[in-house]
1. If you go through segment 144-157 one residue at a time, do you hit one that is assigned to a loop (DSSP other than H, G, I, E, B) and either loosely packed, with under 14 Cβ neighbours inside 10 Å or not polar (S, T, N, Q) (or both)?
2. Report whether or not Arg212 is open to solvent by 20 Å² or more (accessible area, probe 1.4 Å) and in a strand (DSSP E or B).
3. What number of residues within segment 83-129 satisfy the criterion of being touching a residue at least 60 places away in the same chain (Cβ under 8 Å), in contact with a helix residue (DSSP H, G or I) (Cβ under 9 Å, 6 or more places away or on another chain) and over 20 Å from Ala33 (Cβ atoms)?
4. So which residues in segment 233-259 are among the hydrophobic types (A, V, I, L, M, F, W, C) and either at pLDDT below 95 or over 21 Å from Leu158 (Cβ atoms) (or both)?
5. Anything in segment 74-120 that is part of a loop (DSSP other than H, G, I, E, B) and open to solvent by less than 30 Å² (accessible area, probe 1.4 Å)? List them, or say none.
6. So, in segment 33-73, exactly how many residues are open to solvent by 80 Å² or more (accessible area, probe 1.4 Å), part of a helix (DSSP H, G or I) and not charged (D, E, K, R)?
7. Tell me yes or no: at least one residue of segment 205-224 is free of Cβ contacts under 8 Å to residues at least 12 places away in the same chain, of a type in the set (D, E, K, R) and in contact with a strand residue (DSSP E or B) (Cβ under 8 Å, 6 or more places away or on another chain).
8. Would you confirm, using the coordinates I've provided, whether Gly199 is small (Gly, Ala, Ser), open to solvent by 20 Å² or more (accessible area, probe 1.4 Å), without any contact (Cβ under 8 Å) to a residue 40 or more places away in the chain and at positive phi?
Amino acid sequence: MPQKVDTAEGAPAESSGVKSARRAVDLIETFAANDVWLSLSDLHARTGFPRSSLHGLLRTLLEAGWLEADTNTARYRLGVRALICGTAYLDRDAVVPFATEALERIREKTGFTAHFARRNGTEVVYLETRESQRSTHLVSRVGRTLPTHATALGKALLAELTHDEIEALMPASLTALTPNTITTLEALHAECAATRERGYAAEVEEGTLGVRCVAAVIPYRIPGTDAISCSMPISQVSDADAQRVGELLAETTAELGQQLRRAGIR
């Protein structure tokens with residue numbers, strides 16, 4: 001059996017390797033959470049990692065293509081490798097082609113932007129979008145994340161959970177993205193109850209000012225993990241219009257769920 005070699009800090013080499021891997025992942029996620037170029041000092045302040053460790057991690061990630069550097073300012077940002085691996089996730093997801101077809105139909109029938117997303121803990125991750133030709137307010141991009149409580153997509157997916165499961169998952173205080181965002185668990189439970197009753201979730205300027213959304217879960221897993229939404233400028237739709245779109249989404253996602261189950265996709 002090979003002997004473990006201790007590091008300078010007295011920890012086994014295997015533990016040191018795991019720690020370095022964890023730090024590399026944390027560093028990549030730090031870049032993903034910030035839309036600016038970051039210096040070593042910036043990264044030290046955000047992560048608390050020793051500068052000596054950061055030097056090695058940055059060099060390794062840069063050589064592997066996960067980062068790119070601005071040599072004039074000694075700052076870094078995510079590199080093209082991050083996009084390649086992110087795209088590979090979508091390429092290998094059997095649901096995406098079916099969901100994309102549904103988004104196309106929804107956009108054609110409504111004229112508005114349609115999204116396909118998946119819940120990841122307390123966030124929804126946007127996996128595909130079909131932008132409206134007349135959209136002026138929305139900036140949609142694959143890989144974007146938003147909190148579940150502030151989106152119709154998130155509420156639709158949270159409504160799949162029980163009261164106790166929501167209590168265990170969500171923090172007691174919910175962050176407000178706009179003045180209209182719900183910020184209490186009591187209000188969130190009420191929204192989830194309303195979602196279950198009408199068959200789709202709704203929000204008005206809770207995630208983005210000037211935009212209202214409706215969303216419905218794709219029922220092919222229990223509890224549901226994926227949902228489709230439609231985003232609409234508030235100046236262009238009435239409550240009745242939003243209701244019609246919500247009912248269309250509920251109908252479309254029900255058909256999509258049946259299609260996925262017939263295809264053996266779980």
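The values are calculated or read from the model by the stated rules, or taken from the named source; none is laboratory data. Model, not experiment: these values are computed from the prediction. Positions of Cβ are backbone-derived with ideal geometry, glycine not excepted, and every protein chain shown enters the neighbour counts. Accessible surface areas use protein heavy atoms only, side chains included; no ligands, DNA or RNA. Shrake-Rupley method; radii C 1.70, N 1.55, O 1.52, S 1.80 Å.
1. As a first pass, look at segment 144-157 and keep what is assigned to a loop (DSSP other than H, G, I, E, B): 144, 151.
From the residues that got through so far, the ones that are either loosely packed, with under 14 Cβ neighbours inside 10 Å or not polar (S, T, N, Q) (or both) too are 144.
Yes, segment 144-157 has at least one match.
2. Numbers: open to solvent by 20 Å² or more (accessible area, probe 1.4 Å): yes; in a strand (DSSP E or B): yes.
When the stated conditions are applied, Arg212 passes them.
3. 14
4. Within segment 233-259, the first condition is being among the hydrophobic types (A, V, I, L, M, F, W, C), and the residues that meet it are 234, 237, 240, 242, 245, 248-250, 254, 256.
Those that are among the hydrophobic types (A, V, I, L, M, F, W, C) and either at pLDDT below 95 or over 21 Å from Leu158 (Cβ atoms) (or both): Ile234, Val237, Ala240, Leu248.
5. From segment 74-120, those part of a loop (DSSP other than H, G, I, E, B) are 74, 79, 92-94, 111-112; that's our starting set.
Listed by number, the residues that qualify are Gly79, Asp93, Gly111, Phe112.
6. Selection size over segment 33-73: 4.
7. Scanning segment 205-224 turns up no residue that is free of Cβ contacts under 8 Å to residues at least 12 places away in the same chain, of a type in the set (D, E, K, R) and in contact with a strand residue (DSSP E or B) (Cβ under 8 Å, 6 or more places away or on another chain).
8. On the way: small (Gly, Ala, Ser): yes; open to solvent by 20 Å² or more (accessible area, probe 1.4 Å): yes; without any contact (Cβ under 8 Å) to a residue 40 or more places away in the chain: no; at positive phi: yes.
It is false that Gly199 is small (Gly, Ala, Ser), open to solvent by 20 Å² or more (accessible area, probe 1.4 Å), without any contact (Cβ under 8 Å) to a residue 40 or more places away in the chain and at positive phi.
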